[in-house]
Amino acid sequence: MDSSSYSEPQTMSRSRLVFGLYGALAIIALLISAGREDVDIYRIAGTSTALWLGLSPIIGVATGIVVVLLSRMAVRRFRWAQALHQDFRSLLGPLTSREILVLALASSIGEELLFRGALQPWFGIWPQALIFALLHIGPNRGFLPWTLSAFILGVAFGYMFEWTGDLGGPIVAHFTINYLNLRYIVRNDLKELRATRKATTPRAQSINPEFQHTSATPVDNDKPDRPASGPGTAPHT
């Protein structure tokens, strides 16, 4: 079913659900931070500076693009990545452009506030990354690479937070990865792409009757017809 067939109320309903879910994560993060008497969950006191506040989103964009490029390479080269791509297509279903934007924005802000902003100062980089990964377990073993990548990114975002002193980099990197990958997953059915490539390969064209010659022997139209001669041949009448 094409995503355009979904009505505006359905889209708004799913968007509200996403906002509600990740909004709850953000509220939990703020409550944890308030319980530690940390009024500024976004920045690390003594590390964050005006310069880093400007640079961290740029670092986040660059990090996100690198991760997206690596994921594209994996999908092109490895069967497990192709299977994961198709599994996510089935799990997510059709998403509109608005839903993709809402999901990427809400998840990046809500999860970074909770895991890096609230839990990391409490538990540390590696434990919060482990909890982050455990909450990214899919319905079957095919999603294990996703869980592993969540752990790696949880560690990377944690060190980015410690390095820059604010959540700007992790949030922007998280958003870039989610937004670009969700768009790619929703808009590209690998089964259809493989079928199209097979139909346009030289081998496929060579076995297509439209590309075959109707006669195996070329006809020379420049030579005039002459009667056949020799034993066993009949004369022209």
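The values are calculated or read from the model by the stated rules, or taken from the named source; none is laboratory data. All of these numbers come straight from a predicted model, not from anything done at the bench. Positions of Cβ are generated from backbone atoms using ideal geometry, with glycine treated the same way; all protein chains shown enter the neighbour counts.
Some notes on this structure:
- Test: residue in region 88-98 that is over 18 Å from the mean Cα position of the chain (by Cα) and either surrounded by fewer than 17 Cβ atoms within 10 Å (Cβ to Cβ) or charged (D, E, K, R) (or both): no
- Verdict on residue 18 being modelled with pLDDT of 95 or more, surrounded by 16 or more Cβ atoms within 10 Å (Cβ to Cβ) and closer than 22 Å to residue 131 by Cβ: no
- Answer residue from region 44-72, given it is farther than 22 Å from residue 104 by Cα and surrounded by 17 or more Cβ atoms within 10 Å (Cβ to Cβ) and is modelled with the lowest pLDDT among those: 48
Conditions (1) closer than 30 Å to residue 31 by Cα; (2) modelled with pLDDT under 95, marked per residue:
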position	(1), (2)
78	no, no
86	no, no
93	no, yes
108	yes, no
116	yes, no
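- Among the residues of region 146-172, those that are crowded, with 21+ Cβ neighbours inside 10 Å and among the aromatic types (Phe, Trp, Tyr) comprise 157, 161.
- Condition check for residue 154: at positive phi, over 13 Å from the mean Cα position of the chain (by Cα) and not hydrophobic (A, V, I, L, M, F, W, C): no
- Only one of the numbered conditions (1) part of a helix (DSSP H, G or I); (2) modelled with pLDDT under 95 is not met by residue 171, and that is (2).
- Within region 142-187, the set of residues being acidic (Asp, Glu) and free of Cβ contacts under 8 Å to residues at least 12 places away in the same chain is empty.
- Residue in region 100-116 that is surrounded by 17 or more Cβ atoms within 10 Å (Cβ to Cβ), in contact with a Phe, Trp or Tyr (Cβ under 7 Å, 6 or more places away or on another chain) and among the polar types (S, T, N, Q) present: yes
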